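The structure appears below as structure tokens.
The values are calculated or read from the model by the stated rules, or taken from the named source; none is laboratory data. As the structure is a prediction and not an experimental result, all values here were calculated from the model. Note that we place each Cβ from the backbone using ideal geometry, even for glycine, and neighbour counts take in every protein chain shown. Areas reflect the complete protein model, heavy atoms only, side chains present, ligands, DNA and RNA absent. Shrake-Rupley method; radii C 1.70, N 1.55, O 1.52, S 1.80 Å.
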Amino acid sequence: MERESMTARAPGVLMRMGGLSLLIAATLLGGCTTVLFRAAVPEDGLETARPYGIEAPLLRAWGDGLNQADVEFVVETRARALERSHAEEIARGETIRMDSLALSGGGPDGAFGAGLLAGWTARGDRPEFQLVTGVSTGAIIALFAFLGPEYDDELREIYTEYTTKDLATTTFFSGLTGGTALFDTSGYRRLIDKYIDDEIVAEIAEAYRNGRVLLIGTTNIDASRPVNWNVGAIAASGDPKAKRLIRDVIQASSAIPAAFPPVLVPVNYHGQSYDEMHVDGGATQQVILFSPELRMSELDERTGAKVDRRVWVVVNNKLRKPYDPVRPRVFDIAAKAGSSLIGGSGSGDVYRIYAVAERDGAALEVISIPPDFSADPEEMFDPVYMGKLYQVGYDQGLSGEHWSPYPPGFAPPLDATAAPARVADGS
């Protein structure tokens, strides 16, 4: 049997791991890390601290629970936006179509979601989404999906033309002996800065003022809780630091713990400067819609609107993992276990979204990477691999035939009158 040292094999194995797997692997390697100098916000400031000191209502909210005051604020704000944007339809008693899009994490597998959107555009029936959410790699896709089909080329470029060396470089030694991460993602930050410019921020702000919402998920690692950032509200704040905060949020959403450096977001609390440490949103939620405390149906009651709602969930992963015997080695076992845990977490998130959709009378459509896609990447961000996956997504978006109205493994009601459900794994 081939004998390889742990040090020699580590980089190649870690490149293929998901976020949780990387965290497990870093722990197994035994590297003790020092803590960067920071001034963490006091616990009693978690609810009211202002990121970059920006003064605007509800720029972000906990993804696992809203207080009643925040629920009331969101419902009232959204109701007024609905009345402004659809006043004529409401007055005529017409049914308003409202589509939401939720994009999961998945690292380079985000190429699937990018291709899917482009194929959907080519098909000709891609809707304008009133709500778009993204976590991890889904964050960068969500931003451009929110802005519309005219940004499909940017997504294609991001997911088919960049290589690992363009986005991340290994810092194994420093990461394991005193740093905060195993990779330096300065290249990824430069990519974010390149694409998120003043024009993009202005377009996001305008869409928000027209009643549309873009939410990006991160994890506040100090609180061990998910955070949903209202990117449109940040953009519309008019604050000169808004662009910087949006860039930070996108970077933080895909900052895989232990692999990629966390993002310290400066906050102001009682006139003092502190920070919050944010990492990959997938550490707490793989795919989000909005806090379950919110009821979409309340908007109808307050406005008298008739609304036809559809929730589209794109999972940039395989919900059903293929059979793949594992080498009896620590990194291989950690990678497979972490991948399985992440897959289970993602399925659970889809079930939560399904429950919300059922409660609020919205139709659910789910799609994910087909189980028969068998290509393997040669590096963390392999443009050849991502190009193949982009094409798979494009073909499925163009056909429109692979969406499922149910979460993975869910048996439809016996009295269902719809056509037999497609399996929610892309098959």
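The table that follows gives values for the structure above.
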| item | result |
| --- | --- |
| Test: residue in region 315-325 that is assigned to a strand (DSSP E or B), at pLDDT 90 or above and not aliphatic (A, V, I, L, M) | no |
| Residues that are of a type in the set (S, T, N, Q) and either modelled with pLDDT of 80 or more or farther than 19 Å from F37 by Cβ (or both), drawn from region 171-194 | T185, S186 |
| Failed condition for R38, given (1) farther than 26 Å from N210 by Cα; (2) out of contact with any Leu (no Cβ under 7 Å at 6 or more places or on another chain) | (2) |
| Close pairs from region 44-68: first under 24 Å from A205 (Cβ atoms), partner assigned to a loop (DSSP other than H, G, I, E, B) and among the basic types (K, R), Cβ under 6 Å, at least 6 apart | Y52/K241 |
| Matching residues, region 200-229, being over 15 Å from F129 (Cα atoms) and of a type in the set (S, T, N, Q) | T218, T219, N220, S224, N228 |
| Region 389-406: number of residues that are in contact (Cβ under 8 Å) with a residue 60 or more places away in the chain and either open to solvent by 70 Å² or more (accessible area, probe 1.4 Å) or part of a loop (DSSP other than H, G, I, E, B) (or both) | 5 |
| Selected residue (criterion: surrounded by the most Cβ atoms within 10 Å (Cβ to Cβ)) from residues of region 360-387 that are in a helix (DSSP H, G or I) and touching a helix residue (DSSP H, G or I) at 6+ places or on another chain (Cβ under 8 Å) | M386 |
| Enumeration of residues in region 136-169 that are assigned to a loop (DSSP other than H, G, I, E, B), touching a Gly at 6+ places or on another chain (Cβ under 8 Å) and open to solvent by 30 Å² or more (accessible area, probe 1.4 Å) | none |
| One residue from R295, R225, R302 being in contact with an Asp or Glu (Cβ under 9 Å, 6 or more places away or on another chain), more than 25 Å from A87 (Cα to Cα) and among the charged types (D, E, K, R) | R225 |
| Spans of helices (runs of 4 or more DSSP H) in region 189-272 with at least 3 residues touching a helix residue (DSSP H, G or I) at 6+ places or on another chain (Cβ under 9 Å) and without any contact (Cβ under 8 Å) to a residue 60 or more places away in the chain | 198-209, 242-253 |
| Meets criteria (open to solvent by less than 30 Å² (accessible area, probe 1.4 Å), at pLDDT 95 or above, aliphatic (A, V, I, L, M) and touching a strand residue (DSSP E or B) at 6+ places or on another chain (Cβ under 9 Å)) for V350 | no |
| Hey, F144 closer than 19 Å to G232 by Cα, modelled with pLDDT under 95 and of a type in the set (A, V, I, L, M, F, W, C) or not | no |
| In region 309-330, residue nearest to Y390 (Cα to Cα) [restricted to those that are touching a Gly at 6+ places or on another chain (Cβ under 9 Å) and either of a type outside the set (V, I, T) or free of Cβ contacts under 8 Å to residues at least 12 places away in the same chain (or both)] | N316 |
| Within region 96-115, tally of residues that are open to solvent by less than 10 Å² (accessible area, probe 1.4 Å) and over 19 Å from F381 (Cβ atoms) | 4 |
| Residues located in region 56-86, provided they are over 27 Å from the mean Cα position of the chain (by Cα) and exposed (fewer than 12 other Cβ atoms within 10 Å of the Cβ) | R84 |
| Boolean, A118 is closer than 30 Å to S368 by Cβ and modelled with pLDDT of 90 or more | yes |
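Residue-wise test of (1) closer than 30 Å to R310 by Cβ; (2) open to solvent by less than 60 Å² (accessible area, probe 1.4 Å); (3) modelled with pLDDT under 90.
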| residue | (1), (2), (3) |
| --- | --- |
| M1 | no, no, yes |
| A8 | no, no, yes |
| M15 | no, yes, yes |
| L28 | no, no, yes |
| V35 | no, no, yes |
| P51 | no, yes, no |
| E89 | yes, yes, no |
